[in-house]
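Right, one structure below, let's go through it.
None of the figures in this text is laboratory data; all of them are computed from the coordinates on show. What you see is a predicted model, and the numbers here were worked out from it, not measured in a lab. A quick note on method: Cβ atoms are made from the backbone with ideal geometry, for glycine too, and the neighbour counts reach across all protein chains shown.
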Amino acid sequence: MSLWSSPNQHEILCESPGTKLLILLVLVAGSTAIATMEPIKKSTDYQFGTTTGAEAVSRQDTSEANMHASPSPVITDEIKIVDSQGHPRIIMSAKSGNPVIRLLRANGVPSVEVLLDSTGHPAVQLANPDLTGPTAALAVDDKGTHVKFDRPGGASSYLFLNNAGESGVVFVDANGVRRLNVLVGPDNDAKIERFGSDGKPIPQLKP
């Protein structure tokens, strides 16, 4: 026989004091369970979120540490850097025993060279893409320091300061003949020396 077989029986059960008390207890227990689970759910969500954020920060710290770590050195006697066409444009080499850096034009001809000789003296050489134009060089050697300009055909000029303390400017004509010196000696004596087209000195001019 069904518990809810007749409307009259249903009314009788609902009106019973024991039944009303049971229903009230069920409702109170259900409300308490829902109220208790909601903070737990929020707390769990927060904890998951905190764990995920910590993992992200940890990964970022690890990545930054790897970025700042010293890379292993590349050991070789020559490095060539090529352009998008595969042409060598920069060469860094020590094959000869002396270091050199060359910047190359597209045709492979050096345009800039930075050199260090076996005695440790440096030099910088600047080529001219115009084959008829002058070139330039800056050098330190066992005599002193020099800045020299050369033009194909023989003309040149240079500025120097030697180890003895003398400085000057020298001019050479298109035939390769020295024509003029402007000098200041270590004793602060200044003079101008002129030379004829045959290279012979012309009487000194007082500055």
Name the pairs: first residue in segment 104-124 and under 16 Å from Leu138 (Cβ atoms), second residue loosely packed, with under 11 Cβ neighbours inside 10 Å, Cβ to Cβ under 9 Å, at least 6 apart or on different chains? Ser111/Pro129; His121/Asp142
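Within segment 106-196, which strands (runs of 3 or more DSSP E) (wholly inside it) include 3 or more residues that are within 30 Å of Arg89 (Cβ to Cβ)?
Values: elements: 110-116, 122-126, 135-140, 144-150, 156-162, 167-172, 178-184, 190-195.
Ranges flagged: 110-116, 122-126, 135-140, 144-150.
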Lone qualifier among Asp117, Asp141, Asp150 - being over 32 Å from the mean Cα position of the chain (by Cα), surrounded by 14 or more Cβ atoms within 10 Å (Cβ to Cβ) and within 30 Å of Ile79 (Cβ to Cβ): Asp150
